[in-house]
Amino acid sequence: MDDPIRTEVMKHRLVSVAEEMGARLQRAAFSSNIKERCDFSCAVFDETGNLVAQAAHIPVHLGAMPLSVQGCLETLTFAPGDVAMVNDPYRGGTHLPDITVVSPIFVNGHTESTLLGFVANRAHHADVGGMSAGSMPLSQEIFQEGFIIPPVKLMVNGQKNEDVWRLLMANVRTPDERVGDLQAQLAANHIGMERMQELAKRFGVQTLLADMDALLNYSERMTCQLLGQLPIGCYAFEDALDGDGFAEKPAVIKVAVTIERERATVDFSGTDAQRAGSINAVYPVTLSSVAYVFRCVLGLDIPANSGCLRPIHIIAPEGTLVNARHPSAVAAGNVETSQRIVDVLLGALAQACPERIPAASQGTMNNLTIGGWDARHGRPFAYYETIGGGMGAGPHSHGVSGRHSHMTNTLNTPVEALEYAYPFRILRYALREGSGGKGRQQGGNGLIRTYEFLQSAEVTLLCDRRVTQPFGLEAGKSGQPGRNRLKQNGVEKDLPGKCSILIQKDDVLTIESPGGGGFGSH
Amino acid sequence: MALLMSQNNQQEFWIGIDIGGTFTDFVVYSPNNRSLERRKILSTPSDPAEAVLQGLEQFSHSGNRHVVHGSTVATNAILERKGARTAFITTKGFRDVLQIGRQDRPKLYDLFPSIPPPLVSREWSFELTERMDYEGNIVTPLEERELKSIIKTLKNQNVESVAVSFLFSFMNPVHEQWVATQLRAEGFFVTASSEILPEFREYERTSTTVVNAYVSPVLDTYLGRLEQEMTPTEFHILQSNGGRISVSQARGHGVRSILSGPAGGVVGARFVAGLAGFTRILTFDMGGTSTDVSFVNDEIRVTSEAEVGGCPIRVPVIDIHTVGSGGGSLAMVDAGGNLRVGPGSAGADPGPACYGRGGRFPTVTDAHVVLGRLPADGFLGGQMTLKAEAAYDAFEELGRQISLQALPGLDIRQNLALGMIQIANAHMERALRVISVERGEDPREAALVSFGGAGGLHACDLARALGIPHVLIPPMAATLSALGMLAADVQLDYVQTVMLPNDTTFEMLQLQTVGMVRQGKEDLFRENISPEQAVMTRTVDIRYVGQSFDINVPLTSEFRQDFDRVHQEAYGYSQPDAPIEIVNVRVCAIGRITPPPIPCQPLASPDSSSAKWEERSVVLSNRVEAVPHYWGSRLQPGHKVSGPAILVMDDTTVYLALQDHASIDAYSNIIIDVGAADG
């Protein structure tokens, strides 16, 4: 049995390391996506790549980060001063804009240095090349989505691996920003590494390794304990994405959650086969979604680590929407499919523990990328944002309006920051009244955001719940689906949920995000 | 503030007043006989002014009162949502800016988030047709007629206070100013964002503007009443930035004093530490339910990223980090079998088990009793007797819930108590790291200044964990905040967002500060600050083009080099060839005041045996030993005490471990040389 005092003390020490990394990354980064919207995560890993402690950042990164570290471990051999990066979804990444930077932590002994573990951080880059600016395209294979980075070394023996940097920068639209953000990611890992080395000096490598192991065991015990409180049984649910942007045929995700004594099996068998469009999730994304749901439902009040997932067995058949095969397109899998995986899991668990589960939230991130040539500043630009919506109502509370839910929690970009930096203008940013599902408790309202373009630009929309609706629970009504509209030369028309279009000067685009589902009959 | 007797030969009093949850503290200095007194009376939460007036009558009857006051009225108005009837007017399309905020939820893993409602409801949020672009050019002219119907609604609804915040008003305030003028003419209390915070980011600016509109009328009523009833010669209040400001200037700017409570403690800590020769300090204020920490590197560190009751405020406030860990924090065993401390707290009622008021669960305070570090008959200098048995019983019960093998020589209750202290310390060590290393400051060159009631038992262990060489515990630490009020300079902050390009010269930036410097001088003049006492500092917020956070550096001809250097220090890299943007220019106008002289005594011999009480069993880091206890009230300047030892003070108890050596300095501070960790 691990020491219940020491484990608790070390938990604080290790989380503190991840938090300091996050503070450093946010402050030093260049792009508004990282600084203003905080679209990044930082974590500490043991020597085999288990995530030991993580600062509370973006849920979609949580379960998936260890697979990036493991991906690097499988491909590379590390020496002191080396730093790796990876974004390949088929080698531990999630989608290409998320670049994960991994640093080994070596501790110097008398004769040789010992590997203590890793620190890593993942940040969403505003552009990594590919067919459309912002690298969240309407793609049909991964090669269109951007520059694929398998595990490679960003730094070798403390020196920049210049060839890799040059190659990457030649393949992205805004290289200066990428350099700045990557340097910030390096700075974050550097401070994390220093702190871990300090801890190793203070307590000894072996003790620290044992402490990390104890922390994993502790999280596992805690998860088992809390799983034991759920009623034993098998609970099934299904829901669908609107389509993949090419064939507007719903893409169905099925799940059966089996709760046994202190264990759970999550089986996605029966889920639709992977599609041509980018709504395919790679396995790490599915894993993150499952980790998120159990963490919320069990009320796990501990730092997320790999131990939390040990009692949960996932069956995700290969070649389906929840475990895509190379080289299928995956850009929207991370941001949209992940949300629907959460929806079906909550729908299933609502049958097991209705008191703990809210109706469906907006179920999309309303991804919008705008790119082109900024004539004002004489440079190319790429801008990415996501828009909050209605949250689902609960048994005892109305759903919150105009917020991000579940797998993301990124901030909006202030209008006054955005208009200064990019050639478009926001005309309206408001709550979308009447969009929340009716019920004893009302679903939260979605948002309306209207863009006026000051020059032509390329716009890509990856939005879901434009056809299907966020479900209500216990006879509560569904939330309203979202809507995308474009006004050109005074004529307004609806746009599909997922599309890529050329927009002219003076065009006006309006995104209306979905409302959350209601709870209980009115 | 004149040191001389006034013309009518009345006695002069300088009075610092701090309102706490339980006590209202007074520090009263009389220049006539150079006496400095510290007094407390019970607070009157339903009407805080009552205790203030009572105390003034008692401690400064018939005299000229120069009062500095830290008020919690504005903070409470927000926390309890009991501010003025406030409306809000903004640019067409954006009335929901307060409802949407930054579109994030406060906790990631909470499926049912509870989000504090904005101070102004949607119904009282109004839009006017108007628009500026990012350079301040008028895109859509103001539809002046629309204001009429809004004014009508405001009057029908008996609205008192109106916040006006238009997009890009910091680049061109003409629309905002026109609306503000009209509303003022109609008798409303008006806060325009371009007056209170001409800085970009619409949500944060609007929130700050609305907070000001919401609290200022309430603060105004409170201060008006005090001013009328206590007839001070001079009346200042402490602001959240740690500077004082005259009541007449404070009244329209309630947002500036919103976090003045904890600010007094930091100013006081800086003052006493400075006298003792420490200019680089970590302040550590551990109370019953929470702990406040901050960093002072000669100057008090301020931030513009504070939040009160769910509302961001972007005026400079002292950078204080708070964690929910205090003497009353409760222990429990969680589902994974770990011992946890907090965030639950026994509060004041029932309080820790050892208070004997029915508390059954062990708190941090109970842990110290079980370890013998907090003598049951020496609490608050012996004013209150603790029930040690109740503390032991609480740990006995906890021991039944946990799987733990006690260390040799300790029983399970002592071992758990020791663990509880280690965990509470881990919480607070994290807080101290946030405020120091995460802000790029090295704690190893600082002193830890502890002034909370529960702090003395933790200060040395925390200092040791962070490599901090010295701990300072001031005398009468509990009234440090009231003393800080008297030591606070006059301070006024001004900011303007400018968004200037890379080729902006030093001279051009200086020009940008001219208006603010003039305003600062006028405001200081109104504060009766002579030109000799006035200090103007000019700074600029700079970032590399493309970045969205900025770094504040002094405005000198070297500003570019300084920026690269500070960036390098803070983030490990810099780009001297990359273009920069100048985001904001700032002016800080300071009026230096003379703080009250603190009595200084000659040092006696180091022999402290006259202060010795007795020896008792105390659990040290891993064993039990007989440890000498000292009465703090008998310790004299010059005395030295080596650990292990317990110093029983009137408002805190200090634990010295084996490696720690304390001495009493000429100002009666306890200065502790903290030894390194043992193994």
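Evaluate the following for A:Ala276: is it in contact with an Asp or Glu (Cβ under 8 Å, 6 or more places away or on another chain) and buried (at least 23 other Cβ atoms within 10 Å of the Cβ)?
no
Mind counting the residues in segment B:63-115 that are more than 14 Å from every other protein chain (Cβ to nearest Cβ), of a type in the set (A, V, I, L, M) and in contact with a strand residue (DSSP E or B) (Cβ under 7 Å, 6 or more places away or on another chain)?
Residues flagged as more than 14 Å from every other protein chain (Cβ to nearest Cβ), of a type in the set (A, V, I, L, M) and in contact with a strand residue (DSSP E or B) (Cβ under 7 Å, 6 or more places away or on another chain) within segment B:63-115 amount to 6.
Give the number of residues within segment A:92-110 that are farther than 24 Å from A:Gln159 by Cβ and either surrounded by fewer than 24 Cβ atoms within 10 Å (Cβ to Cβ) or in contact with a Lys or Arg (Cβ under 9 Å, 6 or more places away or on another chain) (or both).
Number satisfying all stated conditions: 4.
Among (1) farther than 28 Å from B:Pro198 by Cα; (2) hydrophobic (A, V, I, L, M, F, W, C); (3) within 14 Å of chain A (Cβ to nearest Cβ), which single condition is B:Leu647 missing?
Unmet condition: (3).
Residues that are away from chain A (no Cβ under 14 Å) and either of a type in the set (Val, Ile, Thr) or closer than 30 Å to B:Met171 by Cα (or both): does segment B:453-462 have at least one?
Within segment B:453-462 (the criterion being away from chain A (no Cβ under 14 Å) and either of a type in the set (Val, Ile, Thr) or closer than 30 Å to B:Met171 by Cα (or both)), the answer is no, since none of the residues qualifies.
Within segment B:451-471, can you find the residues that are crowded, with 24+ Cβ neighbours inside 10 Å, within 21 Å of B:Leu371 (Cα to Cα) and at pLDDT 90 or above?
Hits for segment B:451-471 are B:Gly455, B:Gly456, B:Leu457, B:His458, B:Ala459, B:Cys460, B:Leu462, B:Ala463.
Check off (1) among the hydrophobic types (A, V, I, L, M, F, W, C); (2) more than 7 Å from chain B (Cβ to nearest Cβ); (3) more than 16 Å from A:Ser306 (Cα to Cα); (4) touching a Phe, Trp or Tyr at 6+ places or on another chain (Cβ under 7 Å) for A:Ala28 and give me the number that stays unchecked.
The number of the failed condition is (2).
Hey, B:Val618 hits all of (1) β-branched (Val, Ile, Thr); (2) part of a loop (DSSP other than H, G, I, E, B); (3) in contact with a Lys or Arg (Cβ under 8 Å, 6 or more places away or on another chain) but one; which does it fall short on?
(2)
Got a sec? Which of B:Pro501, B:Pro531 is loosely packed, with under 14 Cβ neighbours inside 10 Å and away from every other protein chain (no Cβ under 14 Å)?
B:Pro531
State all residues of segment B:331-378 that are within 14 Å of chain A (Cβ to nearest Cβ), surrounded by fewer than 23 Cβ atoms within 10 Å (Cβ to Cβ) and in contact with a Ser or Thr (Cβ under 8 Å, 6 or more places away or on another chain); if no residue qualifies, say none.
Once the filter is applied, which keeps residues that are within 14 Å of chain A (Cβ to nearest Cβ), surrounded by fewer than 23 Cβ atoms within 10 Å (Cβ to Cβ) and in contact with a Ser or Thr (Cβ under 8 Å, 6 or more places away or on another chain), segment B:331-378 yields B:Gly337, B:Gly342, B:Pro343, B:Gly344.
Matching residues to (1) assigned to a helix (DSSP H, G or I); (2) assigned by TED's automatic domain parsing to the domain that holds B:Arg301; (3) hydroxyl-bearing (Ser, Thr, Tyr):
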{"residue": "B:Thr513", "(1), (2), (3)": "yes, no, yes"}
{"residue": "B:Gln519", "(1), (2), (3)": "yes, no, no"}
{"residue": "B:Val535", "(1), (2), (3)": "no, no, no"}
{"residue": "B:Thr539", "(1), (2), (3)": "no, no, yes"}
{"residue": "B:Arg565", "(1), (2), (3)": "yes, no, no"}
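Out of all the residues in segment B:355-368, is one or more in contact with a Cys (Cβ under 7 Å, 6 or more places away or on another chain) and closer than 19 Å to B:Thr653 by Cα?
The answer is yes, given that some residue of segment B:355-368 is in contact with a Cys (Cβ under 7 Å, 6 or more places away or on another chain) and closer than 19 Å to B:Thr653 by Cα.
Which condition from (1) within 30 Å of A:His398 (Cβ to Cβ); (2) surrounded by 15 or more Cβ atoms within 10 Å (Cβ to Cβ) is the one that A:Ala475 breaks?
The number of the failed condition is (2).
Given the conditions (1) in a helix (DSSP H, G or I); (2) buried (at least 24 other Cβ atoms within 10 Å of the Cβ); (3) without any contact (Cβ under 8 Å) to a residue 40 or more places away in the chain, report the number of the one that A:Gln26 does not fulfil.
(2)
For segment B:463-505, which positions are assigned to a strand (DSSP E or B) and either in contact with a His (Cβ under 8 Å, 6 or more places away or on another chain) or more than 30 Å from B:Gly453 (Cα to Cα) (or both)?
Matches in segment B:463-505: B:Val490, B:Leu492, B:Asp493, B:Tyr494, B:Val495, B:Gln496, B:Thr497, B:Val498, B:Met499, B:Leu500.
Please pick out the residue among A:Ser288, A:Ser338 that is at pLDDT below 95, of a type in the set (S, T, N, Q), in a helix (DSSP H, G or I) and out of contact with any Asp or Glu (no Cβ under 8 Å at 6 or more places or on another chain).
Selected residue: A:Ser288, the only one of A:Ser288, A:Ser338 that is at pLDDT below 95, of a type in the set (S, T, N, Q), in a helix (DSSP H, G or I) and out of contact with any Asp or Glu (no Cβ under 8 Å at 6 or more places or on another chain).
When you check B:Ile421 against the structure, is it touching a helix residue (DSSP H, G or I) at 6+ places or on another chain (Cβ under 7 Å) and in a helix (DSSP H, G or I), yes or no?
So B:Ile421 passes the test.
Any chance you could count how many residues in segment A:116-166 are under 26 Å from A:Pro104 (Cβ atoms) and in a loop (DSSP other than H, G, I, E, B)?
Final tally of qualifying residues: 10.
Could we say that B:Ile138 is among the β-branched types (Val, Ile, Thr), outside the structural domain of B:Gln239 (by TED's automatic domain parsing) and surrounded by 17 or more Cβ atoms within 10 Å (Cβ to Cβ) here?
Against the criterion (among the β-branched types (Val, Ile, Thr), outside the structural domain of B:Gln239 (by TED's automatic domain parsing) and surrounded by 17 or more Cβ atoms within 10 Å (Cβ to Cβ)), B:Ile138 does not qualify.
Out of curiosity, is A:Thr223 surrounded by fewer than 22 Cβ atoms within 10 Å (Cβ to Cβ), β-branched (Val, Ile, Thr) and within 14 Å of chain B (Cβ to nearest Cβ)?
no
Quickly run through segment B:447-458 and pick out the residues that are within 19 Å of the chain's Cα centre (by Cα) and more than 24 Å from B:Met332 (Cβ to Cβ).
Selection gives B:Ala447, B:Leu448, B:Val449, B:Ser450, B:Phe451.
Could you check segment A:391-493 for strands (runs of 3 or more DSSP E) lying wholly inside it with 3 or more residues that are touching a residue at least 12 places away in the same chain (Cβ under 8 Å) and within 14 Å of chain B (Cβ to nearest Cβ)?
By residue number, A:424-432, A:446-453.
What tally of residues in segment B:543-552 results from selecting those that are assigned to a strand (DSSP E or B) and either at pLDDT 95 or above or over 27 Å from the mean Cα position of the chain (by Cα) (or both)?
Looking only at that region, the number is 2.
B:Gly440 is checked against (1) out of contact with any strand residue (DSSP E or B) (no Cβ under 9 Å at 6 or more places or on another chain); (2) more than 10 Å from every other protein chain (Cβ to nearest Cβ); (3) on the phi > 0 side of the Ramachandran plot and fails just one. What number does that condition carry?
Only one criterion in (1) out of contact with any strand residue (DSSP E or B) (no Cβ under 9 Å at 6 or more places or on another chain); (2) more than 10 Å from every other protein chain (Cβ to nearest Cβ); (3) on the phi > 0 side of the Ramachandran plot is unmet by B:Gly440, namely (2).
Suppose we filter B:Ala417, B:Ala446 for residues that are more than 11 Å from every other protein chain (Cβ to nearest Cβ), crowded, with 17+ Cβ neighbours inside 10 Å and in contact with a Pro (Cβ under 9 Å, 6 or more places away or on another chain); which single one remains?
B:Ala446
The values are calculated or read from the model by the stated rules, or taken from the named source; none is laboratory data. Just so you know, these numbers come straight off a predicted model, no measurement behind them. As a convention, Cβ positions derive from the backbone with ideal geometry for all residues, glycine included, and neighbour counts pool all protein chains shown.
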